[in-house]
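Comments concern the structure below.
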Amino acid sequence: MVMSFRVSELQVLLGFAGRNKSGRKHELLTKALQLLKSGCSPAVQMKIKELYRRRFPRKILTPSDLSMLHIQAGQLPSATALTQGTVCHLPYEHGSAAPAALLPPVPVLGPKHETDVQHLSPPIHPVHPDVKMKRLPFYDVYDELIKPTTLASTNSQRFEEAHFTFALTPQQVQQILTSRDILPGAKCDYTIQVQLRFCLCETSCPQEDYFPPNLFVKVNGKLCPLPGYLPPTKNGAEPKRPSRPVNITPLARLSATVPNTIVVNWSSEFGRNYSLSVYLVKQLTSVTLLQKLRAKGIRNPDHSRALIKEKLTADPDSEIATTSLRVSLMCPLGKMRLIVPCRAITCTHLQCFDAALYLQMNEKKPTWTCPVCDKKAPYDALIIDGLFMEILNSCTDCDEIQFMEDGSWCPMKPKKENQEVCQAAAFAGIEGRAALLTDSLASSLYTVSSEGKNSSEGKKKVEVIDLTLDSSSDEEEPPAKKQCPVSSTALPTAAGPKGVLSIDHQPSSVLRSPPMAALGSDYLSNLPLPDYHP
């Protein structure tokens, strides 16, 4: 048995026995044979048998084969004989008890005498394992047409093939045919369907849909369309199909007299088996699921209040205390106001999402992921929050609320816009003029004065202090105060008490303009400048 192992099996065996599992194949074989010579424990013997069964599933161990585990050390082949590309196999003819060392070497890919003991070899995996499929929220199961059946590897070939047959009763045929009229012209012709499901052959928990690699399915000789591959998550990863059932109703023979055949082709994987099952199901809509969710009832508001108090309870070990919680009344999925506020019972947040929208999205693409915390939120875990229902009914004019430490809440009114901000439209009828005042060659002062149409009305003196003079300028005396005439304009009251729009311009102290001749005061008076906006 050990001599027929590949590198992977040898490494598993040596690791199981606590030996060093590094090295080339002939080194690993030498270590494994030394393990046998030294008299291995029953647990290691069982591991060898298990690995051998996985390697050659259709072969069965006869008593003479098992006796080979106790061969004398002198009869074991040397490591040099093992490196010649041939492998010794155990005898499979009945009654043959020749020692393994005396067998002629058989090429690895040569003929194996499997047919001699085929009638003696029961399948390693049960035909109908105790596999339970996960319940799908959008389907009610009416009947089990093919119970979960193992897609077992029948040989050591790369590609496998399995055949299945199922028949429909007259009542089932009638159920399918009469369900077609419910959705006329829709994509799904039948609401009662024949559903094909694949999963891993695992009995520890309910299994979700999982497709074998390189899967091809033919129903009654016609190729069955399968869900398209998902985009690979990383480079070089094997493409994977989404976890969904397959509707084979269009390919099924809707007759009680003719059986239906399914042919499945897939790639076998070492140590991994799959299961196939077929069901008669009724497809449900998001509207039906919403009705069922409402029928479950609304969760008592006290549950949410307790959660609020728990979140706002001061932690004695923390220096930061949360005194209030802000929660939105808008659905994070549709950005619209909540109608049926719900969340998963497993979620720890208070924020709800709209049940109707959530169910509609999962009807199109069933991910069942909470849009708030990205954790799993399956249909069976959804609850309608009674506290949010009360808030939505009593608070119609705001989209955000705040929870207090005692579980009470108050609406968060949107902050009103500051009325003192000038609107751009207020300056639509005002012409802006800029007057350039030149003080010296070293510095200049820019003052913008707004000039209305009636410029002669209400002239006032406004004191302007020039702060732009460079302290390193040649002038020894401080800058003098200048009197600048500014005409008041017909500005709205929102513009301030004096009705003046002043813009201070401070030239950089680094980039100084070169000395230039003084400009006349009427230089900019004829230049049309655009309106100034706040």
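What's the total number of residues in region 202-227 that are of a type in the set (Phe, Trp, Tyr) and over 22 Å from Thr261 (Cβ atoms)? I'd like the intermediate steps shown before the answer.
Applying the first criterion (of a type in the set (Phe, Trp, Tyr)) to region 202-227 yields 210-211, 216.
Narrowing the set further to residues that are over 22 Å from Thr261 (Cβ atoms) leaves 210.
Total satisfying the criteria: 1.
What residue, among those in region 288-333 that are among the small types (Gly, Ala, Ser) and assigned to a helix (DSSP H, G or I), is surrounded by the most Cβ atoms within 10 Å (Cβ to Cβ)?
First pass over region 288-333, keeping only residues among the small types (Gly, Ala, Ser): 295, 297, 304, 306, 314, 318, 321, 324, 328.
Retained after the next criterion (residues that are assigned to a helix (DSSP H, G or I)): 295, 304, 306.
On the way: Ala295: 7, Ser304: 23, Ala306: 12.
So the residue we want is Ser304.
Of note, Asp143 does not satisfy the criterion of being in a loop (DSSP other than H, G, I, E, B) and either open to solvent by less than 20 Å² (accessible area, probe 1.4 Å) or at pLDDT 90 or above (or both). Restricting attention to region 39-57, the residues that are out of contact with any helix residue (DSSP H, G or I) (no Cβ under 9 Å at 6 or more places or on another chain) and hydroxyl-bearing (Ser, Thr, Tyr) total 1.
Restricting attention to region 193-229, the residues being open to solvent by 80 Å² or more (accessible area, probe 1.4 Å) and farther than 24 Å from Asp140 by Cα number 5.
Of all the criteria given as (1) open to solvent by 60 Å² or more (accessible area, probe 1.4 Å); (2) under 23 Å from Leu284 (Cβ atoms), the one not satisfied by Ile383 is (1).
One line per residue, one yes/no per condition, for (1) assigned by the TED database to the domain that holds Asn273; (2) under 22 Å from Ser153 (Cα atoms); (3) modelled with pLDDT under 50:
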position: Ala17; (1), (2), (3): no, no, no
position: Ser22; (1), (2), (3): no, no, no
position: Glu27; (1), (2), (3): no, no, no
position: Ser67; (1), (2), (3): no, no, yes
position: Tyr92; (1), (2), (3): no, yes, yes
position: Gly95; (1), (2), (3): no, no, yes
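The values are calculated or read from the model by the stated rules, or taken from the named source; none is laboratory data. As the structure is a computational prediction, the values presented were derived from the model and not from experiment. Heads up, the Cβs are rebuilt from the backbone with ideal geometry, glycines too, and the neighbour counts pull from every protein chain shown. Heavy atoms of the whole protein, side chains included, go into the accessibility calculation; ligands, DNA and RNA do not. Shrake-Rupley method; radii C 1.70, N 1.55, O 1.52, S 1.80 Å.
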